[in-house]
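Asker: Have a look at the structure that comes next, please.
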Amino acid sequence: MGRQLAAAFGRVVVTLFVASLVVFLLLHASGDPARLLVPWTATPERVAEIRSSLGLDRPLYVQYGKFVSHAIRGDFGESLVFRRPAMEMVLSRFPATFEVIGVALGLALLFGIPLGVYSAHRRGSWFDKSARAFAAVGQGIPSFVMGIILIFIFALGLRVLPTSGRGGITHLILPALTLAIYVMVALLRLTRSSMIDVLGTEYIKLARLKGLRESRILWRHGFRNGAMPVVTFAGIMIVGMIGAGVVVEAVFAWPGVGGLIVSSVQARDFPVAMAGVLVITALYSVSAFVIDLLYGWLDPRIRRTQ
Amino acid sequence: MSGALDQAAAGRSGTPAAPGAGAPLLEVKDLRMHIFVRRGEVKAVDGVNFSVRRGESLGIVGESGSGKSMTLLSVMQVLPQPGGRIVGGQILFEGEDLLRKTARQMRDIRGNRIAMITQDTLASLNPALTIGVQLREPLEVHLGMRGKAANERALELLRHVQLSDPARQIRSYPHEMSGGMRQRVVGAIAIGCKPSLLLADEPTTALDVTVQAQYLRLLREIQKETDLGMIFVTHDFGIVAKVCDHVAVMYAGRIVETAATRELFDRPLHPYSSALMDCLPQRNLDARLRTIPGHPPDLAQLPPGCGFADRCSRVHERCRTEAPSLAEVAPGHKVACWDVEGAA
Ligand SMILES: Nc1ncnc2c1ncn2[C@@H]1O[C@H](COP(=O)(O)OP(=O)(O)O)[C@@H](O)[C@H]1O
Ligand code: SF4
Ligand SMILES: [Mg+2]
């Protein structure tokens, strides 16, 4: 376990380094923040002055080196636009993001997996057919359309839920649902196909021949073996939903981290964009590590080689 | 022309008939199990009759695809899904018709009073669960054993199937064991609740010859100890000769001939039985492994007459229009063939 942790930590550091370098280069290739920080009437001298005060006139490797040496000490610079510490701005948005992602993922797992398992179990039945039709529809509708449909039904039509903003639990339902449907549907399909394979195996047949109850066969003998792709997808989706969440955040005016990163890239607010990317990369690495641990728990054949 | 095989058969028929006395343990009457698939109705089990008594073993032989596995799975009512359905017949076990049982009642019988070892034994252990968990499961479900008692019984079972170092093996996973060991574990799971009937579906095909012989000996011992009724499915007549009291020859979803092992070896009456026996390496001194020319019929499109007609050297007019049914031609010897005197 100690070695495993050390190796995982090493991977996180390397990943962070590579990701930050790539994003750094892309940001700098995308344009000059100084131009966006001054009125368009400003003189070239004024722009150059700003550029040099931000250190943007130095060679790229010097700028990146400075970024890394500060970042290691926990200093991610200040927002060029808001003059507030960049990391603080990013972290302040995370509670809102986690709230909606957490609820969405919970909903997706709670419904997607059992629907997938029972679809596979009752393959070809009306239950399976409706679940698959639901999946096809859910996957076909883009999230912003889904968001708008939900707003129309629940907020404008039935008037039971607010259209936008962050507040109590009622504000959370529509954005979480919008985000959840896509993941739920993907989990349903993934679980179903994985379980169809598993349910055709000899060990499931033996479990039946032992006289076990159907639920025990499906979950303890079946899902335990079919969970691998599902776990992988759910783990990736924790981070993937931050990206997918950008659209949902826009539709519901939800103050999440995805929107912050997008607007900071648009404004060439480099420190904020870099801080956001680093946090998301770190999250990604942590969830990859957790997925690895889960693999070992699910499949003892992997455990030995880990 | 025979040699070892016939001697083995003779040895088998030498066992006393005592255990066979009384009512049959299992009696299958006109059993039909069809699999409804897109291209039609596969008549995998098409009117099968046989019976097994306590302490007796019945061999079911036939080419691959003749419906042997489906017959056993029908008795257990664990059918291929979707599509498998029992469409007729009776399965009388200890006098009760299993086809009239509820799903719940059937669950209580499965793995408890009737156990089955499936064809692909090496794949039948769950890779994610320890041997101990898998062994204890039927004990917990059927016998209500828990904790230490269940564990003790599991260890005892592993010792019973002569697995070395049971205390260690009980905590290991299937992938940590050899094929022969896994086979023994599957055997141990099957006998865990002391069933009165054991169905074994080609339990030795995946094993090499020495391990195979050991495993057969083990099954025989277990059978003797517990007065177990056993059905042994195989495509190997050699195994039948070693293990079985009676044989049923299966072809295209039906039993075409059944007799005491010795009787069938001495006097195979059905052309398919003779053809199968001619394929045995022991019987064919030119040493080339022969197979029966032609293919079995498509079980979704069975011809109206005898299913063997296209491959039979003794075929005549009637065979193509009317299917022969199983008839007794000598005490205990039944054949379904128009060309056998006294049959059909
Ligand atoms: N799931 C299934 N769907 C359709 N046909 C099947 C299925 N399983 C088995 N069969 C058919 O049932 C017939 C009998 O199969 P089986 O009992 O496994 O043969 P055996 O055990 O004698 O080799 C075969 O023709 C096979 O093609
Ligand atoms: S019934 Fe006819 S075709 Fe069938 S085995 Fe007998 S002789 Fe051959
Ligand atoms: Mg088979």
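Asker: Quick check on the range A:1-140: what does the Kirkwood estimate of hydrodynamic radius come out to from the alpha carbon pairs, in Å?
Answerer: 20.2
Asker: Which of B:Lys101, A:Lys66 has the fewest other C-beta atoms within 10 Å, and how do the rest follow up to the most?
Answerer: Least crowded to most crowded, the residues run A:Lys66, B:Lys101.
Asker: For the range B:165-213, what is the per residue volume of the convex hull drawn over the alpha-carbon atoms, in cubic angstrom?
Answerer: Cα-based convex hull of the range B:165-213, divided per residue, equals 99 Å³.
Asker: Can you tell me how much longer the chain between A:Ile196 and A:His70 gets when fully stretched, taken as 0.36 nm per residue apart minus their C-alpha distance, in nm with one decimal?
Answerer: 40.2 nm
Asker: Moving on to the next point. When the helices in the protein assembly as shown are scored as -39500 (n - 2.57) per DSSP H run of 4 or longer and the sum is shared across all residues, what 222 nm value do you end up with, to the nearest 500 deg cm²/dmol?
Answerer: It lands at -17000 deg cm²/dmol.
Asker: Would you mind computing, in nm to one decimal, how far apart the modelled labels at A:Arg159 and A:Ile236 are, each placed 7 Å from Cα along Cα→Cβ?
Answerer: 4.5
Asker: Under 16 Å from the 7 Å Cα→Cβ point of B:Lys29, by amide nitrogen: which residues of the range B:43-66?
Answerer: B:47-52
Asker: By its C-alpha gyration tensor, with a ≥ b ≥ c as the square roots of the eigenvalues, how is the range B:186-231 shaped: rounded for a/c under 1.5, else prolate for a/b larger than b/c, else oblate?
Answerer: prolate
Asker: Sticking with this structure for a sec: Along its principal axes, what span do the Cα atoms of the range B:134-284 show, with the longest given first and each in whole Å?
Answerer: 55, 29, 27
Asker: So for A:Ser164, B:Ser69, fewest C-beta neighbours within 10 Å to most, what's the order?
Answerer: In increasing order of surrounding Cβ atoms, one gets A:Ser164, B:Ser69.
Asker: Can you work out the FRET efficiency for the pair B:Asp298 and A:Val262, with r the C-beta to C-beta distance and R0 = 51 Å, to the nearest 0.05?
Answerer: It comes out at approximately 0.25.
Asker: A further question follows. Label 7 Å along Cα→Cβ of A:Val47; the range A:19-38 residues with amide nitrogen under 14 Å?
Answerer: Within reach of a label on A:Val47, which here means backbone N under 14 Å from a point 7 Å along Cα→Cβ, the range A:19-38 contributes A:31-38.
Asker: Sort A:Ile181, A:Ile153, A:Ile101, B:Ile35 so the one with the fewest other Cβ atoms within 10 Å of its own Cβ comes first.
Answerer: Least to most surrounded, the residues fall as A:Ile153, B:Ile35, A:Ile181, A:Ile101.
Asker: Can you give the average number of partner chain beta-carbon atoms within 10 Å of each beta-carbon in peptide B:82-90, as a whole number?
Answerer: Taking the mean over all residues of the peptide, I get 1.
Asker: Then there's this: What spacing in nm lies between the two simple spin-label points modelled at B:Glu225 and B:Glu328, each 7 Å away from Cα in the Cβ direction?
Answerer: Simple spin-label model gives 3.6 nm for this pair.
Asker: Across the residues of B:119-131, average count of Cβ atoms on other protein chains within 10 Å?
Answerer: The mean count of partner-chain Cβ atoms within 10 Å per residue comes to 5.
Asker: Okay, next question. For the protein assembly as shown, what is the convex hull volume of the alpha-carbon atoms per residue, in Å³?
Answerer: Convex hull of Cα atoms, per residue: 227 Å³.
Asker: Just the number, please: percent antiparallel of the DSSP beta bridges in the protein assembly as shown, rounded to the nearest 5.
Answerer: 60
Asker: Something else about it: If eta is 0.692 mPa s and T is 37 °C, what Stokes-Einstein diffusion coefficient results for the range A:10-84, Kirkwood Rh from Cα pairs, in µm²/s?
Answerer: Diffusion coefficient, whole number: 237 µm²/s.
Asker: OK, next. Mind checking the angle between helix A:86-121 and chain A's longest principal axis? C-alpha axes, 0 to 90 degrees, to the nearest 10.
Answerer: Approximately 20 degrees, to the nearest 10.
Asker: Something else now. Can you compute the charge dipole magnitude of the range A:137-287 about its Cα centre, using +1 on each Lys and Arg Cβ and -1 on each Asp and Glu Cβ, nothing else charged? Give it in debye, rounded to the nearest 20.
Answerer: Taking the Cα centre of the range A:137-287 as origin, the dipole is about 660 debye.
Asker: Explain nothing, just the number: dipole magnitude of chain B about its Cα centre with +1 on each Lys and Arg Cβ and -1 on each Asp and Glu Cβ, in debye rounded to the nearest 20.
Answerer: 860
Asker: To the nearest 0.05, what FRET efficiency results for A:Val22 and A:Phe144 with a Förster distance of 22 Å applied to their C-beta separation?
Answerer: 0.20
Asker: Going by average Cβ neighbours within 10 Å, how do the peptides B:37-50, B:309-322 rank, with the highest at the top?
Answerer: Per-residue Cβ counts within 10 Å, averaged per peptide and sorted highest first, yield B:37-50, B:309-322.
Asker: Per-residue mean of other chain beta-carbon atoms within 10 angstrom of the beta-carbon, peptide A:196-204?
Answerer: Rounded to a whole number, the mean comes out at 4.
Asker: Report, in debye and to the nearest 20, how large the dipole of the range B:75-154 comes out about its Cα centre when Lys and Arg carry +1 and Asp and Glu carry -1 on their Cβ.
Answerer: Result for the range B:75-154 is approximately 200 debye, rounded to the nearest 20.
Asker: Rounding to the nearest 10 and keeping the result within 0 to 90°, find how far the Cα-based axis of helix A:224-252 lies from the longest principal axis of chain A.
Answerer: 40
Asker: Considering the range B:301-344, what Rg and Dmax in Å follow from its alpha-carbon atoms?
Answerer: When restricted to the Cα atoms of the range B:301-344, Rg and Dmax are 10.6, 34 Å.
Asker: What whole-number value in cubic angstrom gives the convex hull volume per residue for the C-alpha atoms of chain A?
Answerer: Cα convex hull per residue, to the nearest whole number: 169 Å³.
Any read-out appearing in this document is the output of simple, stated calculations on the displayed coordinates, not a laboratory observation. Every value quoted in this text rests on a predicted model; they were computed, and no experiment measured them. Note that each Cβ is placed from the backbone with ideal geometry, even for glycine, and that neighbours are counted across all protein chains shown.
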